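Following: one structure in structure tokens, then a few remarks.
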Amino acid sequence: MFERFQLPDVAAVARRTMLSALVVGVLGLVVLLLFSQPWAALGLCIGIALGIGNFRLIVRSVVKVGRRAEGNRRRPLAMNTLSRLMTMTVVALVLAWVKPPLGLGMIGGLAVFQFLLLANVTRSMLRAGAIDVADLGDAGEATGGEAA
């Protein structure tokens, strides 16, 4: 599936995700401030910033691990990513317990960033032909669902 997903596509996905996350963050900030929710607005911005930072660190780790000549490349990458995700989750849950609007805004910001990343990856894969829309329709019919 990923053999047609080229390196320039990854750069385009990263750029589109960062820009769309910033746009959604600014819009969310304005909307939440209009509804007098400054803590939720701050949490949203923190969540999106953490999502962007985590994504940049993952890309940096992939490049660093890719340069190694060693055989085990997955373990360090998985452990670093897992530790960052666990740290962000603990921070978000503690903030949601101490100051619920701030913590929930942060969780929302992280979720928005991940959704935008997933949408941009899907868009690039569809555009590159890595996902065949006809196969998606056949899979839906095989499971009894309707094809889109």
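The values are calculated or read from the model by the stated rules, or taken from the named source; none is laboratory data. Fair warning: this is a prediction, and the values are worked out from it, not measured in the lab. As a convention, Cβ positions derive from the backbone with ideal geometry for all residues, glycine included, and neighbour counts pool all protein chains shown.
Structural remarks
- For the range 59-74, the criterion of being in a helix (DSSP H, G or I) and in contact (Cβ under 8 Å) with a residue 24 or more places away in the chain is met by at least one residue.
- Some residue of the range 100-110 being closer than 26 Å to Arg15 by Cβ, more than 14 Å from the chain's Cα centre (by Cα), modelled with pLDDT under 85 and surrounded by 12 or more Cβ atoms within 10 Å (Cβ to Cβ): no
Rundown of residues vs (1) loosely packed, with under 15 Cβ neighbours inside 10 Å; (2) modelled with pLDDT of 80 or more; (3) under 12 Å from the mean Cα position of the chain (by Cα), yes/no style:
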site	(1), (2), (3)
Leu50	no, yes, yes
Phe55	no, yes, yes
Arg60	yes, yes, no
Lys64	yes, no, no
Gly71	yes, no, no
Leu77	no, no, no
Asn80	no, yes, no
